[in-house]
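For reference, the structure discussed in these notes is given below.
The values are calculated or read from the model by the stated rules, or taken from the named source; none is laboratory data. Everything numeric here is computed off the predicted structure, so don't read it as measured data. Ideal geometry is used to build each Cβ from the backbone, glycine not excepted, and the neighbour counts take in all protein chains shown.
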Amino acid sequence: MRSQRIKILYTIPNFNTAGSGRSVYDLVKGLDRSIFEPEVCCFHAKGAFYNEIEALGVKIHLFPFTTTYKPYSGFFFRVLKISRFFKSNQFDLIHSWHWSSDISEPLAAKIAGIPYVYTKKAMGWHSRFWKWRSRLSSKIIAVNKDMMKEYFTNMSHKVSNFPLAIDTKVYAPNSGTLYLRKELGYLENDFVIITVANLVKVKGIETLIEAVIKLDNPQIKVLIVGDDTNEYALRMKSIYSNKSFIKFMGKQLDVKPFLALSDLFVIPTKDVGRREGIPNAPLEAMAMERIVLGSCISGIKDILEEFQDCMFMADNINELAQKIAYWYSVDLKAREKLAKRMRNHVIESFSIEEFIQNHQVLYLNLIQK
C-alpha cells in the first residue's frame, strides 16, 4: 500500500485558449485528492485561461519540458536537464497534453524512470516522430475511434479510447441573453448560427459563410467566435467585409452567452490536415441544448453518431445550405425536441464524471504495475 498520494504532473505548452486547458482544468479539479496530488507545468504564465488554472490552487511549474532536436550534438544533454527536473520533483506519473509529436519529453520521462502518458488530441500522423513518441510512452489516450483504427492498430495494448468531456452543470440551457441580442442588433425573429473556432483554414469557415450566402435570407445571421488575428482570418474578414449578416467576435474566454443566443451551431471543418480529435465547442453547444450540424469527419462523427441527419460532407456548400434551410423552416417544438436529445446524449456519452473516473483507473493501473 502506498503511504502517500500519487503525484501527477500535467504538461501543456500554454493556456492561451481554454481548448485542451479545459480538459486539464477538469482533471485537476475533479481528481480524488485523497489518492492523487496533481501539479501543472507550462512554458509561461501568459494566456487568458491561465488564471483559471491558478485559481485551482495547485502547484504550477513554469519550465521548458521539451527541447529542440538541433543542434543534435547537445540534444541528449538538454533532455537530461528535463529528466532531472522530472526526477527532482519526484513525480509518480506524467500526463502530457502537448499537441506535437515531440519526443524529448517522453524520452526525459523514460530516463527518469517515470511512467508517461500522452493524449492524442488531433488527427495527424505524418511526422515519423509520432511513432517514436508512442513507443516511448507507457500509455496513450486516443480521443476518437478513427485514431484507434488509423494509427494504433499495432500497439492497441497500450492505447485507450477516452473521448473528451463536458461539465454539463457548467454548460447548461440558459436563455438570459436579451442584453447580448440588443448589443448585436439582432431582432427577435432572427435565426442565429454560431461557430466557435480559431480561424485557420482547416476549420472551413468559408463553407458556412458561402452556404448562408446561397440561402440569401436576411433573417439568418452568422456569429463567428474565435481568434481572428492571423493572416487567414484577416483575409476572410476582408473578403466578407461587405456581408452585414456576419459578425466576427474574436476570441472569447466565456462562449456560453453566445451559444445561448444562437439557434444553430455549425462546425464545418475540412477533411484535411490535423482535422479534429474531439472538438469541445460542439459538445458545449449540445450541452446547452443547441442543435449542432457538423462535417462528416473524424471526431465530429463520434459526437454526432446518433444524429446522422445532422452531418454533411466536408466542403459541401449545397448540402450544408439545405440543412440550414431545413432547421430554419422547422417549428420551434421540433427544434427543442432534438436539442434536448442532444443534451441528453452529451450527459450519457461525454460526462465529466466518467472522463475523470477513466483517467483515475488508468493512472492507478500504471502505478501499480
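At a glance:
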read-out: Any hit, the stretch 214-224, residues being farther than 21 Å from residue 185 by Cβ and more than 19 Å from the chain's Cα centre (by Cα); value: yes
read-out: Odd one out for residue 344, checked against (1) buried (at least 18 other Cβ atoms within 10 Å of the Cβ); (2) part of a helix (DSSP H, G or I); value: (1)
read-out: Matching residues in the stretch 236-257 - criterion: being surrounded by 14 or more Cβ atoms within 10 Å (Cβ to Cβ), among the charged types (D, E, K, R) and free of Cβ contacts under 8 Å to residues at least 40 places away in the same chain; value: 237
read-out: Answer from 323, 337, 333 - the residue that is buried (at least 16 other Cβ atoms within 10 Å of the Cβ), charged (D, E, K, R) and in a helix (DSSP H, G or I); value: 323
read-out: Some residue of the stretch 80-99 being at positive phi and within 23 Å of the chain's Cα centre (by Cα); value: no
read-out: Test result for residue 295, farther than 17 Å from residue 267 by Cα and among the small types (Gly, Ala, Ser); value: no
read-out: Residues located in the stretch 140-167, provided they are more than 19 Å from residue 128 (Cα to Cα), part of a loop (DSSP other than H, G, I, E, B) and in contact with a strand residue (DSSP E or B) (Cβ under 7 Å, 6 or more places away or on another chain); value: 143, 162, 165
read-out: Filtered residues of the stretch 1-25 (kept if out of contact with any Gly (no Cβ under 8 Å at 6 or more places or on another chain), assigned to a loop (DSSP other than H, G, I, E, B) and not basic (Lys, Arg)); value: 1, 3, 4, 13, 18
read-out: Residue among 172, 108 that alone is assigned to a loop (DSSP other than H, G, I, E, B) and of a type in the set (Gly, Ala, Ser); value: 172
read-out: Residue within the stretch 187-208 that is modelled with pLDDT under 95 and of a type in the set (Phe, Trp, Tyr) present; value: no
read-out: Tally, over the stretch 207-235, of residues that are crowded, with 20+ Cβ neighbours inside 10 Å and not β-branched (Val, Ile, Thr); value: 6
read-out: Flag for residue 270 being assigned to a loop (DSSP other than H, G, I, E, B), in contact (Cβ under 8 Å) with a residue 60 or more places away in the chain, surrounded by fewer than 23 Cβ atoms within 10 Å (Cβ to Cβ) and not assigned by TED's automatic domain parsing to the domain that holds residue 48; value: yes
read-out: Residue within the stretch 26-49 that is part of a helix (DSSP H, G or I), of a type in the set (Phe, Trp, Tyr) and more than 30 Å from residue 77 (Cβ to Cβ) present; value: no
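Here is a yes/no grid of residues against (1) within 25 Å of residue 192 (Cα to Cα); (2) of a type outside the set (Phe, Trp, Tyr):
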position	(1), (2)
276	yes, yes
286	yes, yes
301	yes, yes
307	yes, no
311	yes, yes
344	yes, yes
360	no, yes
